Amino acid sequence: MKKNKCEADQSKPYSKGEYDKSDEKEQWIRLSEGCPNHCLYCREGIENPELKVFEIPELVRNQVKILDMNLLCHPEALEIIKELGRRKVNGKVIYYELLCGVDYRFLTQDISVALKQSRFKHIRLAWDHSFLLQKKIKETSQYLLNAGYHPRDIMVFIICNWKIPYKECLNKMELCKVWNFQIADCYFDNQLSPNIKPIHWKEEEIKEFRRKVRRHNMLVNFRIDPEYEKKNKTNL
């Protein structure tokens, strides 16, 4: 019998442990392992060199967050997304969220449409490498816009404190202003604020970039410049 594309290697049908849990509101799952890119700042391609796809576990919540590092790199990705869109819990549809950045190298128009139709929200588009990829990032984001996503539904992941210089990341931010996309500043080696230690950036660059990102996202979401508003309140 031919195996369905959405079925996994039966030797490991589900991804368990920290990747399979739920609370009263949400469920967290993982559907795949591995990545062919082997990026130096990411452990997935090194620790999981073999690409694996797991069965979709029982879905018990109407809000599901997917913890895959690069779901789209798997040939089965489109079928998995469509199958997720058909699932229901208690007769109600499910809303999904990919917590890791979408890899532009594997995003297509068909996948973008499937993500929208299957109710994937808060799309995070990864722009980890050079500013010179701007045309490719723009082209990829257009797939999402064509599928029906609003610019404010899209967030761009920018890796910080890495070998991509601070000023180059500022240039990425300027384009995100033009595109009206939010930014998620992600710090190398999984560091989280307020405990970010300088590695490839200076401490003042890290603090300034975080400040600029907060201001940028407020402008995108609320059309408010917090610094301008603060100055005007002071002058009243």
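Residues of the stretch 69-119 that are surrounded by 18 or more Cβ atoms within 10 Å (Cβ to Cβ) and acidic (Asp, Glu): Glu76, Asp103. Within the stretch 133-156, the set of residues being more than 14 Å from Trp179 (Cα to Cα) and either surrounded by 14 or more Cβ atoms within 10 Å (Cβ to Cβ) or under 14 Å from the mean Cα position of the chain (by Cα) (or both) comprises Leu133, Ala147. Taking each residue of the stretch 83-105 that is farther than 19 Å from Tyr19 by Cα and looking for partners that are among the basic types (Lys, Arg) with beta-carbon atoms closer than 7 Å, six or more apart or interchain, yields Gly85/Arg119; Val89/Arg61; Val93/Arg119; Tyr104/Lys136.
The set of residues from the stretch 184-214 being touching a helix residue (DSSP H, G or I) at 6+ places or on another chain (Cβ under 7 Å), exposed (fewer than 14 other Cβ atoms within 10 Å of the Cβ) and within 17 Å of Glu174 (Cα to Cα) is empty. Do we find a residue being touching a helix residue (DSSP H, G or I) at 6+ places or on another chain (Cβ under 7 Å) and among the hydroxyl-bearing types (Ser, Thr, Tyr) anywhere in the stretch 83-95? No, there is no match, as no residue in the stretch 83-95 is touching a helix residue (DSSP H, G or I) at 6+ places or on another chain (Cβ under 7 Å) and among the hydroxyl-bearing types (Ser, Thr, Tyr). Among residues of the stretch 22-38 that are closer than 21 Å to Trp127 by Cα, those with a beta-carbon under 7 Å from a residue that is surrounded by fewer than 13 Cβ atoms within 10 Å (Cβ to Cβ) and at pLDDT below 90 at least six positions away or on a different chain give the pairs Gly34/Pro49; Gly34/Glu50; His38/Ile46. Screening the candidates Leu51, Leu72, Leu107, Leu115 for the property of being in contact with an Asp or Glu (Cβ under 6 Å, 6 or more places away or on another chain) and over 18 Å from Trp28 (Cβ atoms) yields one hit, Leu72. As for the stretch 2-25, it holds no residue that is outside any helix (DSSP H, G or I), among the aliphatic types (A, V, I, L, M) and either within 22 Å of Tyr143 (Cα to Cα) or at pLDDT 95 or above (or both).
When only residues in the stretch 120-132 that are in contact with a Leu (Cβ under 9 Å, 6 or more places away or on another chain) and farther than 19 Å from Tyr96 by Cα count, which is surrounded by the most Cβ atoms within 10 Å (Cβ to Cβ)? The qualifying residue surrounded by the most Cβ atoms within 10 Å (Cβ to Cβ) is Trp127.
The values are calculated or read from the model by the stated rules, or taken from the named source; none is laboratory data. Since this is a predicted model, take the numbers as computed values, not measurements. Note: ideal-geometry Cβ built from the backbone for every residue, glycine included; neighbour counts use all protein chains shown.
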